[in-house]
């Protein structure tokens, strides 16, 4: 996206080489209150929705589940999985975004840069056109593969140079691959008259997530999150610049490759389950970095918490704004995200470029 | 800019530029001829000649003069407009990914169209210029909004911020667009989808008339400003040092780029890749001097889009693939190839 | 001498072969796309079956929904009405080409339109020209936006029905009937349909009274509920007198579409006695139909779900489509 603000290895415009600033106290507070807020959000999330169900019934459904009652089924089969999905997916996008920003040293990077969104969309368009009777689980799988293949191409071409993966090459490759894949999906959608179906899916959000899907998503996501936290120290080093990191004895290529893999697993799973939800991966790491400093050992877990929080409440809003219809959650988050992004961008000094 | 160009231009013979422009011109003539012979209705080359000399059947005349030729001309004009606009934007922002689409101009135009379709039933026989005019207005308004948001009194217009805010505004517009689009009936949605993908609409000589003045005035104007672009491309410090009145020139050139892109978008919808890859290709072929770079951009852009539209008409006939889709499908792999080859 | 005889014979043979070739060539052209001969093929195709009606001998000028002045030819022979095939077929007119997308046509009309070639839904101009239509009817204003109307009109006089008329098939049929000089057929078709509907209504009331029924369309894991006045909705609720269920009547008036999205959560409150399910998701794709909530909906529990093929007539409107929908309802509900 913005090549001009990448920092060339060794350039002095990078972060000042001072001791790593961080605010562990703030981070711990975020974790505690954030988790509490997520639990509250979850409770709220299972209590509201298109079907009119009394709070008492909700609690009864939770604690004395009776499969004969339709309202209890709504709570268990619809609201619970979707609420949990929003928690998981929010964490995914936010952590993937944080890792991208750390690794590419581009404060405006997120997982979309790797072509994941375009890859998933194209896989979806192809699946709709050529295998319309696929089960949802398979569709999810194809989207994941699509996202992964796109990321592989971007990453491959991005790191062909001798200097390794430079942010500028990554950005260029990501933009070109995304443009290519989006064009293919547009072409397929227009030719097969599928555009609106595709749009519905892209806007779909977490509604309709089933326990079955969660069962596939959750292990991947949890593994991805654990890996991300384990890599946090290396990401912090990398965020100081590849040369600094290499100078400190880091195998930067290995870290980059591993990091990208984690990003693909996290964001790829999220995208294939709920469609591309922009801005979560961009905003949340920024806010987190502002609150807890620049140590990724804190940024990554706190991003996960804040990302979950954002998505849980955005999903509640998406259900309530125009009930009983769903407002596309991606659009909703963009509407918060855009002003924030503009604020971020206009704070940047022009001279940095 | 030059530090981002994929393969640095090497010094060649002094007449290289002129030779190249002539070769491009010749190529365009060839593709025009091919394009006249391409389509669902088979017209043999001799029939085309016959018809051109005024002797064809009414049907042949209809196909050639009313469907194919205007479309060819529009492809050339739109391609040239987008490529020149992209080139100006890339040089101004010193960002290799700047193009009309990244600056939210296409998004703004598309939003105006989608708003109109959502809220005004297409029952009145509105002028065929209704949508193009709205698109132009949408593009202009979006560009103005981005400019206002990116401008800061103490620093002037930072190119970086311009691109960033362009991306943000485009994302915001896309969000609104999605909400609106889901409520459209399928018929209208399909229209919008095709519009956004960028299609040379069957073409109508009236569109040619409407578009031609913009291209004829703005492209030469930007070539006239080539020296300023050369200087601006070097960066702020250099250009201020050389005494160019940076801010005013930049605004003027920005307006030129927006007007060009806006006019093109209004006729063809959101064709994206030409504005990105056209300038890259041109720079690779003729180097960074705008005196020769801009004309090369115009020719390459026209050539690209015409080729894409011709292919789009041919590949899946009788169905057509929007030219914008074809451009990206042939342009992006080439772009990636260049990227992979350059090992810098 | 002998040789001259054989010469003659072989000469005749050659003429014969030449004729064969010509015929093959011409017939190929009739269905195909060579520019110079396509219009000569017009006489060979579509002599309208009901030539008995009072066809106007004079071209007439009418104004369409977008305000265009359209001169309708005296006796249009090669009519193109993409996505209006139901109406045309009802009037006994075989269109020169039928609506299609890359992966399908209007399957419920496949018997009636068996030999009719397809044309892409977006009406590519050269494809339109290749069929050499002498009259084009377009359903919705939105499909001819941005100058496409003018282009089509260059190929043949083009009449836009407009959404107002097009969404009511009776009005559409009447209008198309007037345009093509087949008003009598249009009237008759409507009368026949109403009679059929009345009979069906009688049988249905006998069988199920005025129970409520919902039409659900499942596509890409989203459910849509038909509006009361559209497609199979108008058949069920208006023509056959079934009661629209709670979720249909609760749709706010300003949000109504022909097919209204409804979430599974909302669907859990559906009180309809019967559910007609048009399943475009097919196969094992319909996981949603195995969910406890779907199975808990009263009509589903009672076994009153009737799955209909997505290639059937339920998503369409028209005398033909609605007639087929009525047949389906009778078959399913009247034992």
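The values are calculated or read from the model by the stated rules, or taken from the named source; none is laboratory data. Bear in mind the structure is a predicted one, so any value in this text is a computation, not a measurement. Ideal geometry is used to build each Cβ from the backbone, glycine not excepted, and the neighbour counts take in all protein chains shown.
Here residue A:240 meets the list (1) assigned to a helix (DSSP H, G or I); (2) out of contact with any strand residue (DSSP E or B) (no Cβ under 9 Å at 6 or more places or on another chain); (3) within 24 Å of residue A:25 (Cα to Cα) almost entirely, failing just condition (1).
Just give me the residues in segment C:138-151 being under 23 Å from residue B:61 (Cα atoms) and either more than 7 Å from every other protein chain (Cβ to nearest Cβ) or surrounded by 22 or more Cβ atoms within 10 Å (Cβ to Cβ) (or both), in sequence order. Across segment C:138-151, the qualifying residues are C:144, C:146, C:149, C:151. Of the helices (runs of 4 or more DSSP H) lying entirely inside segment B:15-121, those containing at least 2 residues that are free of Cβ contacts under 8 Å to residues at least 40 places away in the same chain are B:16-36, B:45-52, B:58-61, B:105-119.
Inside segment A:51-75, residues that are buried (at least 18 other Cβ atoms within 10 Å of the Cβ) and within 11 Å of chain C (Cβ to nearest Cβ) make up a count of 8.
State whether one or more residues within segment C:118-129 are away from chain B (no Cβ under 14 Å) and either at pLDDT 90 or above or in a loop (DSSP other than H, G, I, E, B) (or both).
Applying the first criterion (away from chain B (no Cβ under 14 Å)) to segment C:118-129 yields none.
No, because not a single residue in segment C:118-129 is away from chain B (no Cβ under 14 Å) and either at pLDDT 90 or above or in a loop (DSSP other than H, G, I, E, B) (or both).
Candidates in segment B:266-280 are the residues that are within 13 Å of chain A (Cβ to nearest Cβ) and assigned to a helix (DSSP H, G or I); of these, the one that is surrounded by the fewest Cβ atoms within 10 Å (Cβ to Cβ) is B:277.
On the stretch given as segment B:186-212, residues that are without any contact (Cβ under 8 Å) to a residue 24 or more places away in the chain and either at the interface with chain A (Cβ under 9 Å from one of its Cβ atoms) or touching a helix residue (DSSP H, G or I) at 6+ places or on another chain (Cβ under 7 Å) (or both) total 5.
Results for (1) more than 11 Å from chain B (Cβ to nearest Cβ); (2) buried (at least 24 other Cβ atoms within 10 Å of the Cβ), shown as yes or no for each residue.
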| site | (1), (2) |
| --- | --- |
| A:275 | no, yes |
| A:285 | yes, yes |
| A:289 | yes, no |
| A:297 | yes, no |
| A:315 | yes, yes |
| A:321 | no, no |
| A:324 | yes, no |
| A:328 | no, no |
| A:332 | no, no |
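Quick test for you: out of A:255, A:262, A:280, A:271, pick the one residue that is touching a residue at least 24 places away in the same chain (Cβ under 8 Å), crowded, with 21+ Cβ neighbours inside 10 Å and over 26 Å from residue A:128 (Cβ atoms). Even if it seems obvious, please write down each step before you answer.
On the way: A:255 fails: crowded, with 21+ Cβ neighbours inside 10 Å; A:280 fails: over 26 Å from residue A:128 (Cβ atoms); A:271 fails: over 26 Å from residue A:128 (Cβ atoms).
Being touching a residue at least 24 places away in the same chain (Cβ under 8 Å), crowded, with 21+ Cβ neighbours inside 10 Å and over 26 Å from residue A:128 (Cβ atoms) holds for just one of A:255, A:262, A:280, A:271, which is A:262.
Which residues, taken from segment C:132-143, are over 14 Å from residue C:93 (Cβ atoms) and either assigned to a loop (DSSP other than H, G, I, E, B) or touching a strand residue (DSSP E or B) at 6+ places or on another chain (Cβ under 9 Å) (or both)?
Pass one, segment C:132-143, residues over 14 Å from residue C:93 (Cβ atoms): C:132, C:138-143.
Across segment C:132-143, the qualifying residues are C:132, C:138, C:139, C:140, C:141, C:143.
Residues in segment B:199-220 that are within 18 Å of the chain's Cα centre (by Cα) and at pLDDT below 80: 5 in all.
When restricted to residues that are within 11 Å of chain B (Cβ to nearest Cβ), part of a helix (DSSP H, G or I) and free of Cβ contacts under 8 Å to residues at least 24 places away in the same chain, segment A:192-223 contains 4. The set of residues from segment A:167-186 being at pLDDT below 80 and more than 9 Å from every other protein chain (Cβ to nearest Cβ) comprises just one member, A:167. Checking each residue in segment C:234-269 for being part of a loop (DSSP other than H, G, I, E, B) and within 12 Å of another protein chain (Cβ to nearest Cβ) picks out C:250, C:251, C:252, C:256, C:257, C:258, C:263, C:268, C:269.
Given the options B:51, B:57, name the one that is touching a helix residue (DSSP H, G or I) at 6+ places or on another chain (Cβ under 9 Å) and surrounded by fewer than 21 Cβ atoms within 10 Å (Cβ to Cβ). Outline the logic, then answer.
Working: B:51 fails: surrounded by fewer than 21 Cβ atoms within 10 Å (Cβ to Cβ).
None of the others qualify; the one that does is B:57.
Selection of segment C:146-165 for residues being in contact with a helix residue (DSSP H, G or I) (Cβ under 6 Å, 6 or more places away or on another chain) and free of Cβ contacts under 8 Å to residues at least 40 places away in the same chain yields C:146, C:151, C:154, C:155.
Put simply, of C:267, C:333 the only residue that is without any contact (Cβ under 8 Å) to a residue 60 or more places away in the chain, on the phi < 0 side of the Ramachandran plot and either buried (at least 20 other Cβ atoms within 10 Å of the Cβ) or in the same structural domain as residue C:185 (by TED's automatic domain parsing) (or both) is C:267. Could you pull out the residue among A:113, A:15 that is modelled with pLDDT under 85, surrounded by 21 or more Cβ atoms within 10 Å (Cβ to Cβ) and either part of a helix (DSSP H, G or I) or away from every other protein chain (no Cβ under 14 Å) (or both)? None of the other options fit; the residue is A:113.
Scanning segment B:306-332 for residues that are more than 14 Å from chain A (Cβ to nearest Cβ) and either part of a loop (DSSP other than H, G, I, E, B) or crowded, with 24+ Cβ neighbours inside 10 Å (or both) turns up B:306, B:310. When residue B:73 is tested against (1) closer than 22 Å to residue B:224 by Cβ; (2) more than 14 Å from every other protein chain (Cβ to nearest Cβ), exactly one condition is not met: (1). A single member of A:189, A:123, A:129 is in a helix (DSSP H, G or I) and at the interface with chain B (Cβ under 10 Å from one of its Cβ atoms), and it is A:189.
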